[in-house]
Amino acid sequence: MPNDKRYWLDDPRNVTKLYRTVWAIGAALVLAELLVRRHEELAFAGWFAFYAVFGFVACVALVLAAKEILRRLVKRPEDYYER
Amino acid sequence: MSADIPIALLPVLGAALVPLVRGRLRAAYLLALPAAVFVWLLLLPHGEFGKLELLGQTLTLMRVDRLSLLFGYVFVLALFLTALYALHVEDATQHVAALVYGGSALGAVFAGDLLTLFVWWELTAVSSVLLIWARRTERAYRAGMRYVVIQLGSGMLLLAGAALHVNAGGSLAFGRIGLESAGGALMLVAFGIKCAFPLLHNWLQDAYPEATVTGTVVLSAFTTKLGIYALARGFPGTELLIWAGALMTAFPIFYAVIENDLRRVLAYSMNNQLGFMVVGIGIGTDLALNGAVAHAFADILFKMLLFMSMGAVLLRTGTVNGTDLGGLYKSMPWTTGFCIVGAASISAFPLFSGFVTKSMVMSAAASEGHVFTWLVLLFASAGVFHHAGIKIPYFAFFAHDSGIRCKEAPPHMLIAMALTAVLCVGIGSFPAVLYALLPYPVTYVPYTSSHVLDQLQLLVFSALAFSVLVRTGIYPPEMRSVNLDFDWIYRGLGRSLARASARVLSAWLATGGDAARALCGRSLMALKRHHGPDSTLARTWPTGSMALWVMILLLAYLLFYYL
């Protein structure tokens with residue numbers, strides 16, 4: 001099925017726009033902390049921007065560990081078990 | 001209808017009619033059967049029914065209480081939705097297998113004693129493997145074989161555990177079992193296999209992605225959640241489970257990041273979600289148990305939705321490898337949308353189902369002072385958004401355009417996905433409905449401004465981490481590969497050991513074997529004479545000689561009787 005239609009996301013400039021929007025939303029969520037009264041069962045979870053920093057750091061650590069450590073250890077050719 | 005009759009008999013026996021009807025009639029029948037089961041379910045009174053006396057023990061075929069009903073509802077929903085999703089499948093075997101499989105899972109959930117549980121437990125194993133073998137490839141055959149051996153093994157452990165339990169003075173009734181007896185430990189392992197505990201988990205990632213387009217959806221609903229049900233019934237408050245569950249939430253997500261087969265990524269994320277439920281059961285407070293079973297309910301739906309969307313991709317493009325896909329939102333916009341709903345639900349976005357169920361387990365872990373566990377769960381929450389929430393939709397439907405242009409999924413698949421998506425959003429937006437069905441009274445309030453803000457921060461910054469890594473090129477590219485996991489022990493090491501021992505043995509037979517043959521040659525020759533090919537015992541005998549021998553034996557018996 002030929003489909004030459006240009007989609008909004010096909011333009012890299014729009015992807016950049018989207019990317020910046022997500023950053024803006026993130027910033028707004030951190031600032032919203034100043035307005036919302038927070039109640040946390042664990043004291044340290046009440047630190048400023050705890051969830052934002054945790055989410056970012058956790059995901060970067062997850063990807064780097066999977067890429068640099070796990071993949072090096074366990075990656076085998078696709079037909080490994082068929083040989 | 002009498003509550004004494006096991007409700008599971010309706011789908012299990014009803015499945016026998018499927019091959020006899022064709023076309024529209026079959027479609028109507030496949031949808032009407034789960035609907036009828038649902039009506040039966042609504043009419044069931046609470047209590048224990050279908051009591052049978054057997055060898056001095058009481059069997060309870062039907063135990064209806066809040067816990068079994070909750071799983072009953074969602075299993076029947078799953079039966080209906082998967083039947084709708086699979087309407088295009090001509091192969092009657094798959095429909096029959098799905099009905100028998102879902103039906104026997106239903107039977108197991110309502111089983112009030114360990115023997116009845118065992119019977120349904122084994123039937124789920126035998127019927128479900130047909131959904132893998134129905135792919136009819138060598139790979140699927142082998143994966144199915146490994147799968148069924150492990151599943152039947154789980155049943156054997158359950159039976160042995162139950163026997164030990166009863167022998168040690170326990171009752172055959174299926175209530176709280178605990179780890180006090182050896183039988184209890186065996187049963188925990190049996191349940192643990194179904195729940196995919198660490199090191200017992202590989203059957204899941206091995207077999208589910210090898211099943212048919214629709215088979216994987218069916219498989220994702222029943223086996224593991226049956227394990228969760230059994231665990232919630234038999235081992236609530238077992239501390240070991242907190243550690244096992246925390247491990248389950250964390251380690252599969254690393255594998256999910258580097259896995260290429262997107263259905264296998266989902267299998268890893270299943271493992272991760274099961275971990276939340278296992279932690280909840282391990283904590284064992286009312287809040288935690290409510291959270292565990294509510295999350296099982298929600299998980300069945302959003303995991304089916306995700307597997308449905310990947311199934312649609314597999315059906316239309318013939319692959320679900322991240323390396324081959326991308327840009328499919330142009331061809332399959334509806335499927336993309338439904339996949340995103342599933343992704344938002346598993347990631348626990350506010351207004352989606354995971355938000356109101358998973359948080360109960362998190363809250364219970366925090367309030368019971370399991371700080372380390374809570375941190376692991378939070379890490380796993382960020383991780384699940386990363387690999388299931390973003391990676392799945394991103395690599396299948398967005399990323400770089402693969403150039404694949406295909407048709408949108410067939411209408412019945414879209415309707416099945418739409419209904420499942422509505423349920424996911426419904427649970428997330430109106431949690432009171434699900435909360436009212438939970439085994440214990442619910443005081444938990446999911447929608448506080450603090451909780452919503454916390455969760456949104458976690459998710460948005462996880463998404464930002466993903467975007468930053470992709471834009472900087474640090475994100476690991478999808479690669480065609482096999483990633484070794486624990487199954488290497490039997491698929492790699494075990495195979496090498498078997499080959500090595502065969503080599504050693506044949507070398508020994510070739511050299512030292514001669515000496516041995518001379519030594520015990522006489523007995524070997526005798527063995528060969530009787531048991532070898534063309535020997536007396538290997539021959540096929542005519543029926544006549546059999547009859548002759550029976551007659552001789554009877555005559556001898558008569559003779560001795562008179563003597």
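The values are calculated or read from the model by the stated rules, or taken from the named source; none is laboratory data. Since the structure is predicted, the reported quantities are computational estimates derived from the model, not experimental observations. Positions of Cβ are backbone-derived with ideal geometry, glycine not excepted, and every protein chain shown enters the neighbour counts. Side chains are part of the model used for accessible areas, which takes the heavy atoms of the whole protein and leaves out ligands, DNA and RNA. Shrake-Rupley method; radii C 1.70, N 1.55, O 1.52, S 1.80 Å.
Here are the numbers:
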item: Inter-residue pairs, beta-carbon under 7 Å, first at the interface with chain A (Cβ under 7 Å from one of its Cβ atoms) and without any contact (Cβ under 8 Å) to a residue 24 or more places away in the chain and in segment B:461-490, second in a loop (DSSP other than H, G, I, E, B) and open to solvent by less than 30 Å² (accessible area, probe 1.4 Å), 6+ apart; result: B:Leu469/B:Tyr475
item: Among residues of segment B:429-459, those that are open to solvent by 20 Å² or more (accessible area, probe 1.4 Å), among the aliphatic types (A, V, I, L, M) and facing chain A (nearest Cβ under 7 Å), counted; result: 1
item: Residues that are away from every other protein chain (no Cβ under 14 Å) and either in a helix (DSSP H, G or I) or under 18 Å from B:Asp206 (Cβ atoms) (or both), drawn from segment B:499-512; result: B:Ala500, B:Ser501, B:Ala502, B:Arg503, B:Val504, B:Leu505, B:Ser506, B:Ala507, B:Trp508, B:Leu509, B:Ala510, B:Gly512
item: Those residues of segment B:348-364 which are open to solvent by 10 Å² or more (accessible area, probe 1.4 Å) and not in a helix (DSSP H, G or I), in sequence order; result: B:Phe349, B:Pro350, B:Leu351, B:Phe352
item: One residue from A:Val22, A:Val36 being touching a Leu at 6+ places or on another chain (Cβ under 7 Å), open to solvent by less than 70 Å² (accessible area, probe 1.4 Å), facing chain B (nearest Cβ under 9 Å) and assigned to a helix (DSSP H, G or I); result: A:Val22
item: Helices (runs of 4 or more DSSP H) enclosed by segment B:365-434 - at least 3 residues per element that are closer than 22 Å to B:Arg316 by Cα and among the small types (Gly, Ala, Ser); result: B:411-429
item: Of all residues making up segment B:1-48, the number that are in contact with a strand residue (DSSP E or B) (Cβ under 6 Å, 6 or more places away or on another chain) and either acidic (Asp, Glu) or surrounded by 17 or more Cβ atoms within 10 Å (Cβ to Cβ) (or both); result: 5
item: For B:Ala296: the one exception among (1) small (Gly, Ala, Ser); (2) touching a residue at least 60 places away in the same chain (Cβ under 8 Å); (3) open to solvent by 10 Å² or more (accessible area, probe 1.4 Å); result: (3)
item: Checklist (1) loosely packed, with under 11 Cβ neighbours inside 10 Å; (2) more than 9 Å from every other protein chain (Cβ to nearest Cβ) applied to A:Asn14, failing item; result: (1)
item: Residue match in segment B:58-75 (condition: touching a Ser or Thr at 6+ places or on another chain (Cβ under 9 Å), closer than 27 Å to B:Met417 by Cβ, outside any loop (DSSP other than H, G, I, E, B) and not acidic (Asp, Glu)); result: no
item: Segment B:100-126, subset out of contact with any strand residue (DSSP E or B) (no Cβ under 7 Å at 6 or more places or on another chain) and open to solvent by 10 Å² or more (accessible area, probe 1.4 Å), residue nearest to B:Ala409 (Cα to Cα); result: B:Val100
item: Residue in segment A:39-54 that is within 7 Å of chain B (Cβ to nearest Cβ), part of a helix (DSSP H, G or I) and touching a His at 6+ places or on another chain (Cβ under 6 Å) present; result: no
item: Restricting segment A:59-82 to residues that are facing chain B (nearest Cβ under 7 Å) and of a type in the set (Lys, Arg), the residue that is nearest to the chain's Cα centre (by Cα); result: A:Lys67
item: Complete set of residues in segment B:187-218 that are surrounded by 21 or more Cβ atoms within 10 Å (Cβ to Cβ), part of a helix (DSSP H, G or I) and among the hydrophobic types (A, V, I, L, M, F, W, C); result: B:Met187, B:Leu188, B:Ala190, B:Phe191, B:Ile193, B:Cys195, B:Trp203, B:Leu204, B:Ala207, B:Val213, B:Val217, B:Val218
item: Boolean, B:Phe75 is surrounded by 13 or more Cβ atoms within 10 Å (Cβ to Cβ), out of contact with any Leu (no Cβ under 7 Å at 6 or more places or on another chain) and not small (Gly, Ala, Ser); result: no
item: Per-region count, segment B:310-335, residues more than 24 Å from the chain's Cα centre (by Cα), within 14 Å of another protein chain (Cβ to nearest Cβ) and open to solvent by 10 Å² or more (accessible area, probe 1.4 Å); result: 8
item: Qualifying residues in segment B:514-528 (those that are modelled with pLDDT of 75 or more and under 49 Å from the mean Cα position of the chain (by Cα)) - the one least open to solvent (accessible area, probe 1.4 Å); result: B:Leu527
item: Residue match in segment B:499-519 (condition: in contact with a helix residue (DSSP H, G or I) (Cβ under 8 Å, 6 or more places away or on another chain), of a type in the set (Lys, Arg) and over 30 Å from B:Ala143 (Cα atoms)); result: yes
item: The lone exception for B:Glu210 - which of (1) free of Cβ contacts under 8 Å to residues at least 60 places away in the same chain; (2) in contact with a Lys or Arg (Cβ under 8 Å, 6 or more places away or on another chain) it fails; result: (1)
item: Segment B:23-52 residues that are within 15 Å of B:Ala8 (Cβ to Cβ), paired with ones that are polar (S, T, N, Q) (beta carbon under 7 Å, 6 or more apart); result: B:Gly50/B:Thr60
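Here's the yes/no breakdown for (1) touching a residue at least 40 places away in the same chain (Cβ under 8 Å); (2) among the acidic types (Asp, Glu); (3) touching a helix residue (DSSP H, G or I) at 6+ places or on another chain (Cβ under 8 Å); (4) more than 18 Å from B:Ser450 (Cα to Cα):
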| residue | (1), (2), (3), (4) |
| --- | --- |
| B:Lys358 | yes, no, yes, no |
| B:Ala366 | no, no, yes, no |
| B:Ser381 | yes, no, yes, no |
| B:Phe398 | yes, no, yes, yes |
